[in-house]
Amino acid sequence: MIRRPPRSTLSSSSAASDVYKRQVKEYTNLQRNLVSNPELSTFALKDMGPRPKFKPLFNSAKFADFKPIVGADSGAWDGTGPWKGPPASSAIPADTERMEVVKAAMKHAWDGYVRHAWGQDELKPVSNRGANWLGMGASIIDALDTLWIMELKDEFKKARDWVAHSFNVNVNAMVSFFETTIRCLGGLISSYELSGDTVFLDKARVLGDKLLKAFTSPVGYPMAQINLATGNAAAPSWTSGSVILAEIGTVQLEFKALSYHTNDPKYHSIAHKVYNKLESITPANGLLPLFLQPNSGGFSGNQISLGAMGDSYYEYLIKLYLYTKRSEPQYLKMYKKSLAGILDHLIFESSPSGLTYIAEMNNNNPVHKMDHLACFVPGMLAVGAQDSPDPDRVMHTARGIAETCYQMYARQRSGVAPEFINFGGNDFSNGANHNLLRPEALEAMFVMFRYTGDPIYREWGWQMFLAFEQSCKTQSGYSGLTDVTQNAGSAPKDDTQQSFFLAETLKYAYLLFTDGNTISLDEYVLNTEAHPLKVHDPSEVIGAKKPAAAILKQAAPPQV
């Protein structure tokens with residue numbers, strides 16, 4: 001089982017290569033996913049009103065004695081009438097009972113990792129052993145800011161000390177440039193911002209210098225794999241030398257933050273050249289194919305997806321604009337162009353159930369398939385709504401997709417979502433029955449709650465969390481599932497506790513129930529691994545040194 005398929009190119013082993021070849025075949029033969037299969041989980045829908053539209057197969061009554069879930073004290077929006085903007089952060093109340101339950105889950109997952117896999121990338125929570133695919137203690141780096149936010153102080157100190165004394169940035173093997181950037185570089189910078197401990201920034205600078213060596217293509221694209229010890233970089237064989245949209249377009253936030261904190265423009269300058277190139281070749285509809293040629297910079301093929309391999313490129317367009325306190329319009333221009341294409345070409349409503357979903361495209365034809373990865377879209381739409389041409393349309397679309405993401409969970413007997421779903425002749429059917437503990441649906445619930453104050457998102461997110469608790473929990477942690485259609489508690493497990501479960505899934509579950517001032521979305525953007533980075537105006541002074549505007553001048557995007 002690869003770690004985050006197919007968002008990463010993590011392993012050069014033949015087994016991993018075979019997996020990736022199968023994935024490429026899937027994405028080049030997307031139409032076959034639309035074939036009706038009686039073995040898939042398809043359930044008859046009943047019109048039960050606006051929320052929900054069906055009777056869930058999974059709805060846990062655990063913790064039924066807790067106080068009822070509530071929404072914002074004021075300014076809430078339940079989808080009726082125009083959306084007037086997010087409620088004030090001060091209007092979002094904390095739900096301390098549920099916060100403590102999620103915190104206990106994090107401690108359980110962390111303690112199992114410490115006991116059985118300390119220093120390795122991930123815990124195998126069924127066989128109680130560790131596993132490596134990156135060689136950098138990924139679970140430690142990914143968990144740091146979650147531990148800080150949850151005030152697990154002893155656990156954070158143990159992780160901090162490991163970073164100070166044992167973190168290895170000289171891995172003599174080909175590792176994923178993308179995953180190392182979003183998990184390790186992003187995690188280190190976020191931990192520095194939250195704690196003020198310079199050990200994290202020192203390590204981030206060393207790692208950033210090594211990662212820059214991946215930007216070797218003639219047009220400035222980074223290669224997918226890099227040997228941190230030697231600096232050698234290459235594209236994996238399974239892509240026939242192509243690079244992947246999400247992997248080259250989802251590192252700019254981390255490198256921009258590193259330039260900001262180190263007073264060194266080179267990180268931002270080198271990474272931002274990718275955006276300048278992508279802007280110059282973006283099609284009229286704003287939708288970019290998944291694969292690109294590193295030599296010419298042009299596209300290879302015409303598959304389009306906001307799921308695997310495309311997703312976070314679009315996410316970073318609006319997040320970079322917000323990260324700079326709306327001061328660099330190039331990002332917004334690129335986002336608006338892509339947003340128009342998404343709304344006009346990829347958003348559909350199923351029949352008979354009326355579920356809003358985001359499709360893919362192949363050869364300019366829609367493919368009615370939606371990845372769980374695409375459940376990041378409601379959050380992206382929400383954070384960008386106030387800067388979009390039609391905020392009402394955007395928020396109603398976000399609301400519809402968020403409900404579909406919830407239904408991906410509630411329609412399974414395990415309560416846990418499949419990897420992707422199809423909207424073919426059966427309206428809604430599972431396309432792949434495994435689950436990797438992915439965070440995107442909980443991300444949607446968290447962001448949508450902060451931007452609407454509607455308690456339905458806390459309720460839906462709580463049910464998702466309880467499904468992980470009841471179907472995925474082991475004696476030492478939490479495991480992905482190989483078949484989500486089986487009953488809660490008996491679904492077979494894949495024996496992997498992904499590091500992003502600590503970085504993202506549990507963090508989003510926790511933030512869903514904190515007050516609105518905890519990691520306020522007015523003050524932070526979260527990278528695609530849920531590492532929060534504090535927004536800043538590039539004209540601000542960095543520490544006691546020279547202004548950021550001067551530092552980044554050489555890489556400033558063109559005015560539009």
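The values are calculated or read from the model by the stated rules, or taken from the named source; none is laboratory data. Please read these numbers as outputs of a predicted model, since none were measured by experiment. Cβ sites come from the backbone with ideal geometry, for glycine too, and all protein chains shown count toward neighbours. Keep in mind that these areas ignore ligands, DNA and RNA; they rest on the heavy atoms of the full protein, side chains included. Shrake-Rupley method; radii C 1.70, N 1.55, O 1.52, S 1.80 Å.
Just a few scattered comments:
- Whichever residue in the range 218-227 is among the hydrophobic types (A, V, I, L, M, F, W, C) and open to solvent by less than 30 Å² (accessible area, probe 1.4 Å) and, among such residues, is nearest to the chain's Cα centre (by Cα): A224
- Qualifying residue in the range 448-456 (condition: open to solvent by less than 10 Å² (accessible area, probe 1.4 Å), in contact with a helix residue (DSSP H, G or I) (Cβ under 6 Å, 6 or more places away or on another chain) and under 28 Å from K124 (Cβ atoms)): no
- S351 at negative phi, outside any strand (DSSP E or B) and at pLDDT 95 or above: no
- Residue within the range 115-126 that is surrounded by fewer than 23 Cβ atoms within 10 Å (Cβ to Cβ) and assigned to a helix (DSSP H, G or I) present: yes
- All conditions in (1) within 17 Å of E179 (Cβ to Cβ); (2) without any contact (Cβ under 8 Å) to a residue 60 or more places away in the chain hold for S280, with the sole exception of (1).
- Among the residues of this structure, S237 does not count as one that is open to solvent by less than 10 Å² (accessible area, probe 1.4 Å) and either farther than 21 Å from V206 by Cα or in contact with an Asp or Glu (Cβ under 8 Å, 6 or more places away or on another chain) (or both).
- Residues that are assigned to a loop (DSSP other than H, G, I, E, B) and open to solvent by 20 Å² or more (accessible area, probe 1.4 Å) within the range 303-326 comprise K325, R326, listed in sequence order.
- If the condition is being open to solvent by less than 10 Å² (accessible area, probe 1.4 Å) and not polar (S, T, N, Q), then the range 407-426 contributes M408, Y409, A410, R411, G415, V416, A417, P418, I421.
- The sole residue among A284, A340 that is open to solvent by 30 Å² or more (accessible area, probe 1.4 Å), within 24 Å of S388 (Cβ to Cβ) and assigned to a loop (DSSP other than H, G, I, E, B) is A284.
- Contact annotation: residue pairs with Cβ atoms under 7 Å, 6 or more positions apart or on different chains, pairing a residue in the range 494-518 that is more than 11 Å from L437 (Cβ to Cβ) with a partner that is surrounded by fewer than 24 Cβ atoms within 10 Å (Cβ to Cβ) and of a type in the set (K, R), are D495/K124; Y510/K103; L512/R458; F513/R98; F513/R458.
- Answer residue from the range 83-107, given it is part of a helix (DSSP H, G or I) and of a type in the set (A, V, I, L, M) and is farthest from A143 (Cα to Cα) among those: A91
- Members of the range 517-536 that are touching a strand residue (DSSP E or B) at 6+ places or on another chain (Cβ under 7 Å) and either open to solvent by less than 20 Å² (accessible area, probe 1.4 Å) or in a strand (DSSP E or B) (or both): I519, Y524, V525, L526, N527, P532, L533, K534
- Hits in the range 144-154 - residues which are open to solvent by less than 30 Å² (accessible area, probe 1.4 Å) and either more than 12 Å from L194 (Cβ to Cβ) or of a type in the set (A, V, I, L, M) (or both): L144, L147, I149, M150, L152
- Residue list for the range 80-122, filter: at positive phi and touching a residue at least 12 places away in the same chain (Cβ under 8 Å): G85, G119
- Scan of the range 469-482 for residues that are touching a His at 6+ places or on another chain (Cβ under 7 Å) and surrounded by fewer than 20 Cβ atoms within 10 Å (Cβ to Cβ), ordered by number: T482
- Condition check for S300: touching a helix residue (DSSP H, G or I) at 6+ places or on another chain (Cβ under 9 Å) and surrounded by fewer than 21 Cβ atoms within 10 Å (Cβ to Cβ): yes
- Scanning the range 127-143 for residues that are at positive phi and within 23 Å of the chain's Cα centre (by Cα), we see that the one that is most open to solvent (accessible area, probe 1.4 Å) is G135.
- Selected residue [out of contact with any strand residue (DSSP E or B) (no Cβ under 9 Å at 6 or more places or on another chain), surrounded by 24 or more Cβ atoms within 10 Å (Cβ to Cβ) and assigned to a loop (DSSP other than H, G, I, E, B)] from T250, T230: T250
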